[in-house]
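Working notes, beginning with the structure itself.
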Amino acid sequence: MTPLEKARGLLAGAERVAVLTGAGISAESGIPTFRGPGGLWRNFRPEELATPEAFAKDPQLVWEWYMWRRGLIAEAQPNPGHRALVGLERRTLVFTLITQNVDGLHDRAGSKNIRKIHGDIWLSRCTRCAYQRVDKSTAVDGIPQCPECRAVLRPGVVWFGEQLPRLVWDDAERAVHDSQVLIVAGTSAQVYPAAGLISQARVPVIEINIDDTPFTSSVAVALRGLSGELLPKLLF
Ligand code: OAD
């Protein structure tokens, strides 16, 4: 049996499926990943751009970086990997798509039950009150201000050193616990707590990645290749 056949067998008849995705699933849409060749963290220092301290020190610089990323994302289109997961959701009784991606490409592809554990780059939220809004701007025009309390607005993403959104994270953990199969696609599985979802899984894990990850040796099936090619093959 090939790894692909084994993975198809694991999914056949599974009524409760959880999926964890990372930047690799959007790579074929032209959005840079974080680690690996061409990754954002090869050219930028996370502590200067993606921490609360960096934002406190230079909010303009941080906003400019997120606006640049919004611009890249706005030009990108969902790829066959995103679309295959829409098909899987339609045929699965209980389906949860947990994503570390903030790009919104799963939504644009048509996925419905999404848990964005690292937030959403298209949200701007207040650093003081509960205000947040969808914000499609891709250029900085001064630091945006909260219309409710006048504090500074920040990108609606999770930064290093911050807690993940509690309810979203609880849902993600529950989905993994309740699933019969977990698919992990396009993540280096190095960032916690997200990667902890993989070690928590008590069910077979299907990993899809162009490279090895720290979990490759312990998963039920590791499929090597592009998620935009493997996910459609796995599911149809
Ligand atoms: P990484 O950049 O760490 O990892 C991307 C993974 O995708 C790597 O394992 C690649 O081998 C794999 N990959 C690349 N292209 C692929 C393709 N076409 N098909 C399949 N696999 C491919 O991205 P994440 O794991 O998502 O956090 O990173 C996790 C978190 O670190 C991000 O959410 C972000 C970052 O700092 C925050 O912003 C909080």
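What number comes out for accessible area per residue over region 1-147 if the probe is 1.4 Å? Units Å², please.
49
Antiparallel versus total DSSP beta bridges in the chain: what percent is that, nearest 5?
Percentage antiparallel, nearest 5: 25.
Give me, ordered by chain and number, the residues 5 or more places off Ile183 or on other chains with an amide H under 5 Å from its own placed amide H.
Those lying under 5 Å, H to H, from Ile183 are Ala18, Val19, Leu20, Ile206.
At 1.4 Å probe size, with the rest of the protein present, what percent of the exposed accessible area of the chain is carbon and sulfur atoms?
Percent of accessible area from carbon and sulfur atoms in the chain: 52.
I'd like to check one number: the per residue accessible area of region 161-236, probe 1.4 Å, reported in Å² as a whole number.
Normalised by residue count, the accessible surface of region 161-236 is 47 Å².
So how strong a dipole does region 155-236 carry about its Cα centre when Lys and Arg Cβ are +1 and Asp and Glu Cβ are -1, to the nearest 20 debye?
Computed charge dipole of region 155-236: roughly 140 debye.
Check each of the trypsin sites (Lys or Arg not before Pro) in region 31-116 and keep only those in coil by DSSP with at most 13 other C-beta atoms within 10 angstrom; list them in order.
Lys112
Please sort by residue number the chymotrypsin sites (Phe, Trp or Tyr not before Pro) in region 138-217 whose DSSP state is loop and whose Cβ has at most 15 other Cβ atoms within 10 Å.
Those that pass, being in a loop and sparsely packed, are Phe160.
Tell me the Kirkwood hydrodynamic radius of region 114-236 in angstroms, computed as one over the mean inverse distance between distinct C-alpha pairs.
Averaging 1/r across every pair of different Cα atoms and inverting gives 16.8 Å.
First select every other residue whose beta carbon is under 10 angstrom from the beta carbon of Asn113; then total the charges, Lys and Arg +1, Asp and Glu -1.
Cβ neighbours under 10 Å give a net charge of 0.
Lys57: which lysines have alpha carbons under 30 Å from its alpha carbon, excluding same-chain residues fewer than 8 sequence positions away?
Partners within reach: Lys116, Lys136.
Specify the residue with the greatest mean-square fluctuation among Tyr192, Tyr131, Tyr66, computed from a Gaussian network of the chain linking alpha-carbon atoms under 10 Å apart.
Residue with maximal mean-square fluctuation among Tyr192, Tyr131, Tyr66: Tyr192.
The values are calculated or read from the model by the stated rules, or taken from the named source; none is laboratory data. All values reported here derive from a predicted model rather than from experimental measurement. Please note: Cβ atoms are built from the backbone with ideal geometry, for glycine as well, and neighbour counts cover all protein chains shown. Surface accessibility is based on the protein's heavy atoms, side chains included, excluding ligands, DNA and RNA. Shrake-Rupley method; radii C 1.70, N 1.55, O 1.52, S 1.80 Å.
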